[in-house]
1. Considering only residues of the stretch 197-211 that are surrounded by 15 or more Cβ atoms within 10 Å (Cβ to Cβ) and out of contact with any strand residue (DSSP E or B) (no Cβ under 6 Å at 6 or more places or on another chain), which is nearest to Met325 (Cα to Cα)?
2. Could you pull out every one of the helices (runs of 4 or more DSSP H) wholly within the stretch 225-332 that has 3 or more residues that are more than 22 Å from Gly35 (Cα to Cα), assigned by TED's automatic domain parsing to the domain that holds Val351 and not basic (Lys, Arg)?
3. Would you point out the residue of the stretch 69-93, among those that are hydrophobic (A, V, I, L, M, F, W, C) and under 30 Å from Ala245 (Cα atoms), that is modelled with the lowest pLDDT?
4. Can you find a residue that is closer than 21 Å to Ile140 by Cβ, out of contact with any helix residue (DSSP H, G or I) (no Cβ under 9 Å at 6 or more places or on another chain) and among the aliphatic types (A, V, I, L, M) anywhere in the stretch 78-87?
5. Consider only pairs whose beta carbons are under 8 Å apart and that are at least six residues apart or on different chains; among these, list those whose first residue lies in the stretch 135-151 and is within 16 Å of Ala122 (Cα to Cα) and whose second residue is polar (S, T, N, Q).
6. Do we have Gln290 as in contact (Cβ under 8 Å) with a residue 60 or more places away in the chain, farther than 18 Å from Val351 by Cα and among the polar types (S, T, N, Q) here?
7. Specify the residue that is farthest from the chain's Cα centre (by Cα); the eligible residues are those in the stretch 121-149 that are surrounded by 15 or more Cβ atoms within 10 Å (Cβ to Cβ) and farther than 24 Å from Arg27 by Cα.
8. Within the stretch 211-224, can you find the residues that are in contact (Cβ under 8 Å) with a residue 24 or more places away in the chain and either of a type in the set (A, V, I, L, M, F, W, C) or in a helix (DSSP H, G or I) (or both)?
Amino acid sequence: MAVGEVLNHDRTGDFRFYRDSYENAGRQQSIEAEGLFDIGDFRNVLDDTATATLTVNSQGVDRTVPLLTPAKNYDSWLNLNYYRQHAGDTVPLTYYSHLSALYQQHPSTYLGTLRPNLQKLADQHGVLLLDHTDHEAPRINAELTTIAQKLGVTFTDLSAPDGSNAKHFHYASLAQPIAKDDGTIEPKSMYEAFDQGRASGVLTDDSVSVSSSLSPEDTQQIWDFYEPVFNELSTDDPIYAGFTAAEFNSLMQSPECIKFVYRAGAAVVNLCLLTDIKDCSWMNQFYYKQQFPTEYEQGLIYCSPGVIANPNIAHRASSLQTMGMVGRVIKLAGIEPVLTFACDNISNIQVPRLSEHSLERVGIKTNLSEPVGHQLFRMLKVSRH
C-alpha cells in the first residue's frame, strides 16, 4: 500500500482536500460552513453508490470528493420539505458541491464527471440544490452558464425571484466599549466579571444570571419552548434552525457556552447563549481566522442566536435586560469580542436591530445593523437543450 493510501484509508486526506476547495483565499468566504463539514457525513456520502465523485491528482496523490449526491444524504441539516414544497414532491433532488477551485484547475475531468450525471438528471426532470454567498454569485453564475453550454443542459432557477425565501443574513462585528478603557481593567473571563460585578454591587439586576452550566430541570424547561420556536423558524427555511436535543443538552452543560438567563421566579423567561466559535462546526472557521485572527486565537469570537424568548411568558423589556447584561459583563471583563450569527428571513426582522440597540444602551458599540453577506440557497431545474 502506498504512503498516500495509508494516510487516506479513512478518507481524512480526501476530506481535508475537499474542505480546502471551499476554504481558500481565492474565494470570498461565507460565515457558514459550506458543503459537508463533518467527516462522518463525508464518508457516508462517498460510500453511497448514487454519489457522483470527482477524482483528481493533487501533489502526487489521487483525491476523491463528491460533486453530486442525493439530497437525502444531507437531511440532517437540509430542510427537504422546504425544497419539495418549491420543486415538487416527486422530483429527484440532488445536492451539488460546485467546488469552483476544482472546476478551474481540472475542467476536463470535472465536466467529464458531470456530463452523464446531469444528462440523466435532466431526463428525470430533476433539481440541483446548491448554496453559496452573494459575493461569489457572479463567478458561480458565469461558471454555471459555461457548464450548461458545454454539457447540453439548461438550468432554470426555481428560487423566488427576489430571493426572499432562499437566503440567510450574515453578521459579524466587534463589540467595543463606546468609552474606551483607561487601562485599569484587567481582562478576565465573563464568568469572573459577572461574579465580581455582583459582589461589588455594580451589577444590581438579579433577574439575569450568568451560568457555565444549567440544571437538568432548567435545561428541560428551556428545551420545551426552544424546540417549537426553532421548528417554526425552520418551516420556510432551506436548512434546519437550532440544535438537536443532544447538541442542546451538551451546550447547557458546557462552560464554553456562556448562558445569560433571565428568570421570573422559577420560570425562565429568556436566555442568550454565547458559544466559542471553535465549538461551532457549522460555522466557517477559515472565515474567522482570516477576518479576526487575534480574536480567534484568544477565544473571543462568540456565535449567538440572540435572545431566545419563552413565548408562553410575557415580560416587558426582558430581552433588552438580558442583552444589556451581556454588554455590561463585556465591559467589566475588559474585552472586545466578536459577536456573530446568521439569521433567516424571520429572525432577521428583529435580532440584529435588537442586539445592536440593547448593547448600545449600556455603552457597547457594534455594527450589527448591516450584514457582512448573505448565503443563497438555490434550486436549479435541469433539462436538456
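1. If we take residues in the stretch 197-211 being surrounded by 15 or more Cβ atoms within 10 Å (Cβ to Cβ) and out of contact with any strand residue (DSSP E or B) (no Cβ under 6 Å at 6 or more places or on another chain), then Leu203 is nearest to Met325 (Cα to Cα).
2. Numbers: elements: 245-253, 285-291, 293-298.
Correct list: 245-253, 293-298.
3. Looking at the filtered set, the residue picked out is Trp77.
4. Yes, the stretch 78-87 contains at least one residue that is closer than 21 Å to Ile140 by Cβ, out of contact with any helix residue (DSSP H, G or I) (no Cβ under 9 Å at 6 or more places or on another chain) and among the aliphatic types (A, V, I, L, M).
5. Close Cβ pairs (under 8 Å, with a partner that is polar (S, T, N, Q)) amount to Ala148/Thr154; Leu151/Gln119.
6. yes
7. Ala122
8. If we filter the stretch 211-224 for residues that are in contact (Cβ under 8 Å) with a residue 24 or more places away in the chain, which is where we start, we get 211-214, 218-219, 221-223.
Within the stretch 211-224, Leu214, Asp218, Thr219, Gln221, Ile222, Trp223 meet the criteria.
The values are calculated or read from the model by the stated rules, or taken from the named source; none is laboratory data. Since the structure is predicted, the reported quantities are computational estimates derived from the model, not experimental observations. So basically every Cβ, Gly included, is an ideal-geometry build from the backbone, and we count neighbours across all protein chains shown.
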